[in-house]
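Each remark here refers to the structure printed beneath this line.
The values are calculated or read from the model by the stated rules, or taken from the named source; none is laboratory data. Just so it is clear, the model here is predicted, and its values are computed rather than measured. Positions of Cβ are backbone-derived with ideal geometry, glycine not excepted, and every protein chain shown enters the neighbour counts.
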Amino acid sequence: MQAHIEAIKDSKYCSIWHDQDDIRPDELPALAADEQCKLLIVGGGFTGLWGALQAKERAPNADIILIEQTFIGDGASGRNGGFLNASLAHGETNTDHHFPGEADKLHELGLENIKGLLASLKKYGIDAHHENVGETEVALSQGAAADLKKHYEHAKAQGDDVTWFDQAAIQQQVGSPKFLAGLQYKDGHTGIVDPIRICWGLKKVLLELGVKIFENTPLTKLTPLGKSQMTAVCNGVTVIADKVLMATNAYNVCLKKVNVNTIPVWDYQLATEPLSPEQMESIGWFKSRHALGDHANMFHYFRLTKDNRITWGGGGSVRYYFNKDTGSHCADIPERFEQLSKEFFETFPQLTGIKFSHRWSGILATSTRFCMVPGVAFNGRVAWAVGYTGLGVCASRFGARVGIELLGYQPSDILNMQFVKKAPMPWAPEPIRWLGYKVTHNALVKADANDGKRGLWLKFLDKLNLGFTC
């Protein structure tokens, strides 16, 4: 058996974050009787949890119900890499294209949001294992190194806190024969967290604040009731609510206006067993604990956990499946994890022989504008915020803020921004969507193998600002 396949042979299919029995809360009973409330929140991930908390902070006496179809943090919120990034609109280029003139405001709001997130964790005593290590991109080709150097010079000229690493310097930071250069961004807050500790910590806080939470409670129907309320059907019983926040992200729900904004993209991850002191020394990573990502189209993202495991995700394993397939048969596909394992050992050959303890997958939602899409329907009775495209750990808190403000909870001038009001271009229908994905995926892989040089198809998509990884 090949070494990279042997390494995952005995791994457990479970998110490394979920596999923490010492902090796992008891699951709450499902909704079993009719209820009535001011605000119903559908979805127990980051957006739903932050939405409930911010609504409670703005209207302490509001009666709020949150329903989750499985358990709190079971979706992407408990299956991501735990990278805390202040960006709300996925970078300057994307921001300038979709929201011209709003870059400075979105940058300011992003910093305000990440500061608020960390302040809330401190206020409510939630230990998310936050490490303020910034974010570091590494170049795997000369073209990527040259591109990163341009980014460094631009950021430095703007006064950003950035550090450049040439090949010798990045090798001292993180020892991989593939790394040719590196660029670290720091804003004093960006770094890494244990995402499930945020979810489960917020669950505890919300219960203490009087929010009713029902797990294993899927929403099956949502309809208007008169001119001022909504009726939600769950488990054969109903919830009558004045307002509803849809916090379902990639998961299909019974409201077409939410579903059309995003497509679900499957991402796969591995986690090693804890590294020994000798293994840590062999890569030198322990000195900096950088949060890392390849500067590539099909990029990997990787970081260290508190107990010195490496989590490793992304790369060529990322997939969209025909007709928005989110079935369980897409979750544990051996080829995806074998590819990830192979790419890991190509990056860190000195760790050959180490085993992966966990493998898992999750679904992120992406829109054609590659950042969060808010919306409102039924004359302001239903709102949503979905489509974070891989940057939801932090941006979901802001999405929750937009959602509850759209529902009337202390609305502010952010509701007048293009970021909130501008509708995204819809995704093409099947089978055009699937064919477009396949052609684009292959073109991105080819560009990475060709020192980043983009072919005609990607150049065409770049003109439409659609040349992002998919």
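Tell me the residue from Ala443, Ala377, Ala428 that is touching a strand residue (DSSP E or B) at 6+ places or on another chain (Cβ under 9 Å) and among the aliphatic types (A, V, I, L, M), please. Outline the logic, then answer.
Numbers: Ala443 fails: touching a strand residue (DSSP E or B) at 6+ places or on another chain (Cβ under 9 Å); Ala428 fails: touching a strand residue (DSSP E or B) at 6+ places or on another chain (Cβ under 9 Å).
Sole residue among the options that is touching a strand residue (DSSP E or B) at 6+ places or on another chain (Cβ under 9 Å) and among the aliphatic types (A, V, I, L, M): Ala377.
Going residue by residue through region 113-120, is there one that turns out to be out of contact with any Asp or Glu (no Cβ under 9 Å at 6 or more places or on another chain), of a type in the set (A, V, I, L, M) and not in a helix (DSSP H, G or I)?
No, there is no match, as no residue in region 113-120 is out of contact with any Asp or Glu (no Cβ under 9 Å at 6 or more places or on another chain), of a type in the set (A, V, I, L, M) and not in a helix (DSSP H, G or I).
One line per residue, one yes/no per condition, for (1) at pLDDT 95 or above; (2) farther than 21 Å from Pro374 by Cβ; (3) among the aliphatic types (A, V, I, L, M):
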residue: Met1; (1), (2), (3): no, yes, yes
residue: Ile5; (1), (2), (3): yes, yes, yes
residue: Ile8; (1), (2), (3): yes, yes, yes
residue: Lys12; (1), (2), (3): yes, yes, no
residue: Leu39; (1), (2), (3): yes, no, yes
residue: Gly43; (1), (2), (3): yes, no, no
residue: Phe46; (1), (2), (3): yes, no, no
residue: Asp74; (1), (2), (3): yes, yes, no
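If only one of Pro349, Pro374 is in contact (Cβ under 8 Å) with a residue 24 or more places away in the chain and under 22 Å from the mean Cα position of the chain (by Cα), which one is it? Even if it seems obvious, please write down each step before you answer.
On the way: Pro349 fails: under 22 Å from the mean Cα position of the chain (by Cα).
Of the residues listed, the single one that is in contact (Cβ under 8 Å) with a residue 24 or more places away in the chain and under 22 Å from the mean Cα position of the chain (by Cα) is Pro374.
Can you pull out the residues in region 222-231 that are more than 27 Å from the chain's Cα centre (by Cα) and in contact (Cβ under 8 Å) with a residue 24 or more places away in the chain? First the steps, then the outcome.
So the first thing to find is which residues in region 222-231 are more than 27 Å from the chain's Cα centre (by Cα), and the list is 223-231.
Passing the criteria: Pro224, Lys227, Ser228, Gln229, Met230.
So, Gln158, is that one more than 30 Å from Trp17 (Cα to Cα), polar (S, T, N, Q) and at pLDDT below 95 or not?
On the way: more than 30 Å from Trp17 (Cα to Cα): yes; polar (S, T, N, Q): yes; at pLDDT below 95: yes.
It is true that Gln158 is more than 30 Å from Trp17 (Cα to Cα), polar (S, T, N, Q) and at pLDDT below 95.
Pick from Leu106, Leu140, Leu118: which is buried (at least 17 other Cβ atoms within 10 Å of the Cβ), more than 22 Å from Gly182 (Cβ to Cβ) and touching a helix residue (DSSP H, G or I) at 6+ places or on another chain (Cβ under 9 Å)? Give the derivation first.
Numbers: Leu140 fails: more than 22 Å from Gly182 (Cβ to Cβ); Leu118 fails: touching a helix residue (DSSP H, G or I) at 6+ places or on another chain (Cβ under 9 Å).
So the residue among Leu106, Leu140, Leu118 that is buried (at least 17 other Cβ atoms within 10 Å of the Cβ), more than 22 Å from Gly182 (Cβ to Cβ) and touching a helix residue (DSSP H, G or I) at 6+ places or on another chain (Cβ under 9 Å) is Leu106.
Considering region 250-274 alone, what residues qualify as being part of a loop (DSSP other than H, G, I, E, B) and at pLDDT below 95?
Within region 250-274, the subset part of a loop (DSSP other than H, G, I, E, B) is 250-255, 260-262, 273-274.
Passing the criteria: Ala250, Tyr251, Asn252, Val253, Cys254, Leu255, Val260, Asn261, Thr262.
Go through region 174-183 and count every residue that is in contact with a strand residue (DSSP E or B) (Cβ under 6 Å, 6 or more places away or on another chain) and either surrounded by fewer than 23 Cβ atoms within 10 Å (Cβ to Cβ) or among the aliphatic types (A, V, I, L, M) (or both). Can you show your working first?
We begin by selecting, within region 174-183, every residue in contact with a strand residue (DSSP E or B) (Cβ under 6 Å, 6 or more places away or on another chain); these are 179-183.
Of the ones still in play, those that are also either surrounded by fewer than 23 Cβ atoms within 10 Å (Cβ to Cβ) or among the aliphatic types (A, V, I, L, M) (or both) are 179-181, 183.
The total comes to 4.
Do you know which of the residues in region 137-155 that are within 27 Å of the chain's Cα centre (by Cα) and charged (D, E, K, R) is nearest to Asp451 (Cα to Cα)?
Asp147
Which residues, counting only those in region 217-249, are in a loop (DSSP other than H, G, I, E, B) and surrounded by 15 or more Cβ atoms within 10 Å (Cβ to Cβ)?
The answer is Thr217, Pro218, Asn235, Ala247, Thr248, Asn249.
Taking the options Leu28, Leu40, Leu49, name whichever one is closer than 27 Å to Tyr124 by Cβ, surrounded by 13 or more Cβ atoms within 10 Å (Cβ to Cβ) and either of a type in the set (D, E, K, R) or touching a helix residue (DSSP H, G or I) at 6+ places or on another chain (Cβ under 6 Å) (or both). If you could, list the steps in order and put the result at the bottom.
Working: Leu28 fails: either of a type in the set (D, E, K, R) or touching a helix residue (DSSP H, G or I) at 6+ places or on another chain (Cβ under 6 Å) (or both); Leu40 fails: either of a type in the set (D, E, K, R) or touching a helix residue (DSSP H, G or I) at 6+ places or on another chain (Cβ under 6 Å) (or both).
From the options Leu28, Leu40, Leu49, the qualifying one is Leu49.
Out of all the residues in region 198-215, which are surrounded by fewer than 21 Cβ atoms within 10 Å (Cβ to Cβ) and either in a helix (DSSP H, G or I) or aliphatic (A, V, I, L, M) (or both)?
Of everything in region 198-215, those that are surrounded by fewer than 21 Cβ atoms within 10 Å (Cβ to Cβ) and either in a helix (DSSP H, G or I) or aliphatic (A, V, I, L, M) (or both) turn out to be Lys204, Val205, Leu207, Glu208, Leu209.
May I ask you to say which residue of Leu88, Leu109, Leu28, Leu39 is in contact (Cβ under 8 Å) with a residue 40 or more places away in the chain, part of a helix (DSSP H, G or I) and either touching a Leu at 6+ places or on another chain (Cβ under 7 Å) or not β-branched (Val, Ile, Thr) (or both)?
Numbers: Leu88 fails: part of a helix (DSSP H, G or I); Leu28 fails: part of a helix (DSSP H, G or I); Leu39 fails: part of a helix (DSSP H, G or I).
Checking each option against the conditions leaves just Leu109.
Any residue at all in region 232-243 that is farther than 17 Å from Gly51 by Cβ and charged (D, E, K, R)? First the steps, then the outcome.
Initial filter on region 232-243 (farther than 17 Å from Gly51 by Cβ): 233-238, 240.
Add one more test, that the residue is charged (D, E, K, R), and what stays is none.
No.
Which residues, taken from region 15-50, are small (Gly, Ala, Ser) and more than 16 Å from Gly75 (Cα to Cα)?
Listed by number, the residues that qualify are Ala30, Ala32, Ala33.
Given the criteria of a type in the set (Asp, Glu), assigned to a loop (DSSP other than H, G, I, E, B) and either surrounded by fewer than 20 Cβ atoms within 10 Å (Cβ to Cβ) or in contact with a strand residue (DSSP E or B) (Cβ under 7 Å, 6 or more places away or on another chain) (or both), does Asp147 qualify? Before you say what the answer is, go through the steps one by one.
On the way: of a type in the set (Asp, Glu): yes; assigned to a loop (DSSP other than H, G, I, E, B): no; either surrounded by fewer than 20 Cβ atoms within 10 Å (Cβ to Cβ) or in contact with a strand residue (DSSP E or B) (Cβ under 7 Å, 6 or more places away or on another chain) (or both): yes.
Considered against the rule, which asks whether it is of a type in the set (Asp, Glu), assigned to a loop (DSSP other than H, G, I, E, B) and either surrounded by fewer than 20 Cβ atoms within 10 Å (Cβ to Cβ) or in contact with a strand residue (DSSP E or B) (Cβ under 7 Å, 6 or more places away or on another chain) (or both), Asp147 comes out as no.
Criterion first (touching a residue at least 12 places away in the same chain (Cβ under 8 Å) and touching a Phe, Trp or Tyr at 6+ places or on another chain (Cβ under 8 Å)) does Gln142 satisfy it? Break it down stepwise before answering.
Working: touching a residue at least 12 places away in the same chain (Cβ under 8 Å): yes; touching a Phe, Trp or Tyr at 6+ places or on another chain (Cβ under 8 Å): no.
The answer is no for Gln142.
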